[in-house]
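As structure tokens, the structure follows; a few thoughts come after it.
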2 protein chains.
Amino acid sequence: MVTSELSNHHHHHHNTINSPMGKPNSRSKTSSIFLSDGCLFLGGAFSTLILIWGFSSFTTFPKDTLNLEHLSQTDAASPRAPDLTFDPPDKTFFDDPQMGYTLDKKVRNWDEKRAEWLKLHPSFSDGAKERVLMITGSQPEPCRNPIGDHLLLRFFKNKVDYCRLHGYDILYNNLLLDPKMFAYWAKYPVLRAAMMAHPEAEWIWWVDSDALFTDMEFKLPLERYKGHNLVVHGWPHLIHEKRSWTGLNAGVFLIRNCQWSLDLMDSWASMGPQTPNYEKWGKTLRSTFKDKFFPESDDQTGLAYLIAIEKEKWADRIYLENEYYFQGYWKEIVGTFQNISERYKEMEEGVRRLRRRHAEKVSESYGEIREEYLKDAGIGQGNWRRPFITHFTGCQPCSGKYNAMYSADDCWNGMHKALNFADNQVLRNYGFLRPDLLLNSVSPVPFDYPHP
Amino acid sequence: MVTSELSNHHHHHHNTINSPMGKPNSRSKTSSIFLSDGCLFLGGAFSTLILIWGFSSFTTFPKDTLNLEHLSQTDAASPRAPDLTFDPPDKTFFDDPQMGYTLDKKVRNWDEKRAEWLKLHPSFSDGAKERVLMITGSQPEPCRNPIGDHLLLRFFKNKVDYCRLHGYDILYNNLLLDPKMFAYWAKYPVLRAAMMAHPEAEWIWWVDSDALFTDMEFKLPLERYKGHNLVVHGWPHLIHEKRSWTGLNAGVFLIRNCQWSLDLMDSWASMGPQTPNYEKWGKTLRSTFKDKFFPESDDQTGLAYLIAIEKEKWADRIYLENEYYFQGYWKEIVGTFQNISERYKEMEEGVRRLRRRHAEKVSESYGEIREEYLKDAGIGQGNWRRPFITHFTGCQPCSGKYNAMYSADDCWNGMHKALNFADNQVLRNYGFLRPDLLLNSVSPVPFDYPHP
């Protein structure tokens, strides 16, 4: 069982929790958030530890240096569609008895094995370099928070919408594939299995259940990451100089399906609770990153450690993204939706092409056109570009707990606002809009809206 | 608001409801299921009315006449992948100010308009005839049943899994696009908008929130439906001779994105609550289909009416499917999972090709291979082919209510079993299996499992 597993491992834990949402629950009296929070095991480090993003997501962002126009991919080639009905009898890594889907089964020469598989499946080798599989998930059990599963459903719908618009596959995991790897560690067995099961995917994109897409048009600038194997939101100086465990956020990351990533995950997961060194790693991480205030080894600090201490081995291939909201702190974002909506409306009033109705499936082309008019939007705090991903760090939709510095309304209303802000971008393609971001009623959109 | 809308329209209603699941709720004291059920508006007629499927799904199935091997599509052509970044400036129906996404905006010459759009988007015209968009959804508000949204999340995950395996797009709608079209009528404004927004899709597949795929490999036999525009589970003699409103089930249907379907939906929706004729239609439908026991006009009986009474106009293009579980009644199915699992395991023990591990994306090819070994499986009650879609008719996951002839355990355990039975087929591609269909713990699958 997940909860007993969690309770065995986390007896002593500080309690920074506000009163839980919803009905009183006998289990919520315990002093351990791990014990009382059923929603932990797949959440990101931030949401599960009920911390907040201590730094503005864009503290170090040099304004006006980023031209996002060049980030979007404009590959005009038209590759073949994958043929789902073709698997030739030729032997591949799948036929190797030594190959397994679990982290303990070492894989060697994965890049060659994947390449061989792709060669045998030519319809998949077309466009393989840009192929992304998104993975998200939550705990196996229903949420404690009465509106928790409803929020998870909406967060999932948001990701499915994003994936439909961009032609990505998406996988929702709600199982503990390795019962010893609970909480934020649970994603690694899933990633490992998914890499084997999806040799056609170049990138695996982990997105926490409490993160959502608030710019449905924006496309990952994969070209930018071609020399890297892991992309995560972070700031080099906070990791290398300040030695802060919040120098990156491990709740959203893009990892290349390659041997390097398998090796990294081996090192990364070797700090996890399934190993005899778990406690030792907790101490090491805490003594390296002084602002880490809880004793357990966690994946986010673990990654910061690999970047800072095993720098030679890993850092070159890890892209610390901080020039757009690869993921952003919701507190900094939610208040800007109103202004952003108005600015986008103004933009569309001035540009007929952006008002043009179109099939949902060609929305990416309108995202490209829009970039021309976003040059002056800036990015990050105080600016008016739609944030790409908004992450509800410190709010726990499933458990219903949240950081004491917020109110329940901050968290749940913030989520509804963000979900509806995003959903309006989807609805528009179906001819509707929600006039009020906190309500569920919609209006049909007139032709040529918002013509002045 | 949805609930007030519902309450205005449904004051008098018989109550066949057992005590609701979960905690006592003041609102559940009302005598109207429409009033007290927040989960109605997108459910199918069966689940929302808490009825049961009065006939065995396969009452009239002639055994041994169906060879499903020939149903699966084996189109070996490799069409181009859709180009999401290309929308030429040429005018299409989207640029016509008269075109709207709502049911009241009449569309003419839709087939020509779609064809023109496809011509201008050649990467989408490849494979257009087989392109399917699945649509499902639920109410905007959280469920009353404490595990309702958790179940909806799992039902949605199941559909996303199925769509990923078969390369289909999926849309989840949780809004009332036309507030007057509540309950089971709510799907029609969504279908109408989706047809406009997805000219690339030949078929729209509506699947109720309480229906799930229990054969992840089985592929819609579209070839079979090439002369038809609407596919629904049903039996001609029950509609034409017995005049039973349960002669078909409108909770799952496949509708072609064409002018005929728009015309049909105009006629169909003209019986809905947004029209002045709603009450009149209730009387007409009830006097035509004597076993319909509630006074309101509903979409399922409405369709039966169009088939039986406006036969000349519609029936030729409506395929009443009853040779496999296009959708099946859960009570008839859930008890068979154990035997089916054992028979499939036996089958795989004997066939190395079926034990072969493979990339998830080429699962369809293994589905085709399996057909050879399913010839003797039969289909429907008493046989051992995996049922394609299991529909929890009479159980309401969201409201927590269910037909008085079931127990809560019947419904919720049945759903968990069905969801896990399906999920095991997905998990297998990631190297795992749930040994117990009622538990969430998993085991890694050994190489060559289940080698004898």
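The values are calculated or read from the model by the stated rules, or taken from the named source; none is laboratory data. Quantities reported herein were computed from a predicted structural model and do not represent experimental measurements. Counting neighbours? That spans all protein chains shown, and the Cβs are built from the backbone with ideal geometry, glycine included. Side chains included, ligands, DNA and RNA excluded: accessible areas come from the protein's heavy atoms. Shrake-Rupley method; radii C 1.70, N 1.55, O 1.52, S 1.80 Å.
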Handout entry: Subset of segment A:162-189 (residues that are within 14 Å of the chain's Cα centre (by Cα) and either facing chain B (nearest Cβ under 9 Å) or of a type in the set (A, V, I, L, M, F, W, C) (or both))
Key = A:163, A:170, A:171, A:172, A:173
Exercise for the section: Could you grab me the full set of residues in segment B:83-116 that are at the interface with chain A (Cβ under 9 Å from one of its Cβ atoms), over 25 Å from residue A:167 (Cα atoms) and touching a Leu at 6+ places or on another chain (Cβ under 8 Å)? Expected result: B:102
Fill in the blank from the handout: Of the residues in segment B:104-136, those that are in contact (Cβ under 8 Å) with a residue 60 or more places away in the chain and of a type in the set (S, T, N, Q) come to B:109, B:136
Completion exercise
When segment B:329-358 is checked residue by residue, the ones that are open to solvent by less than 40 Å² (accessible area, probe 1.4 Å) and assigned to a helix (DSSP H, G or I) are B:330, B:332, B:333, B:334, B:336, B:337, B:340, B:344, B:347, B:348, B:354, B:355
Practice task
Tally the residues that are of a type outside the set (Asp, Glu) and in contact with a Pro (Cβ under 7 Å, 6 or more places away or on another chain), restricting the search to segment B:315-354.
Solution key: 5
Problem - Positions within segment B:359-376 being in contact with a Lys or Arg (Cβ under 7 Å, 6 or more places away or on another chain), in a loop (DSSP other than H, G, I, E, B) and either free of Cβ contacts under 8 Å to residues at least 12 places away in the same chain or within 14 Å of chain A (Cβ to nearest Cβ) (or both), in sequence order - result: none
Practice task
Looking only at segment B:430-439, decide whether some residue is acidic (Asp, Glu), part of a loop (DSSP other than H, G, I, E, B) and open to solvent by 30 Å² or more (accessible area, probe 1.4 Å).
Solution key: yes
Practice task
Tell me which of these residue A:317 doesn't satisfy, since it passes every other one: (1) closer than 30 Å to residue A:368 by Cα; (2) open to solvent by less than 40 Å² (accessible area, probe 1.4 Å); (3) touching a His at 6+ places or on another chain (Cβ under 6 Å).
Solution key: (2)
Handout entry: Residue check for residue A:134: within 23 Å of residue A:118 (Cα to Cα) and either crowded, with 24+ Cβ neighbours inside 10 Å or touching a helix residue (DSSP H, G or I) at 6+ places or on another chain (Cβ under 7 Å) (or both)
Key = yes
Handout entry: Residue check for residue A:415: under 16 Å from residue A:329 (Cβ atoms), of a type outside the set (Val, Ile, Thr) and touching a Pro at 6+ places or on another chain (Cβ under 7 Å)
Key = yes
Practice task
Name the residue, out of A:423, A:436, A:410, that is within 14 Å of chain B (Cβ to nearest Cβ) and under 22 Å from the mean Cα position of the chain (by Cα).
Solution key: A:423
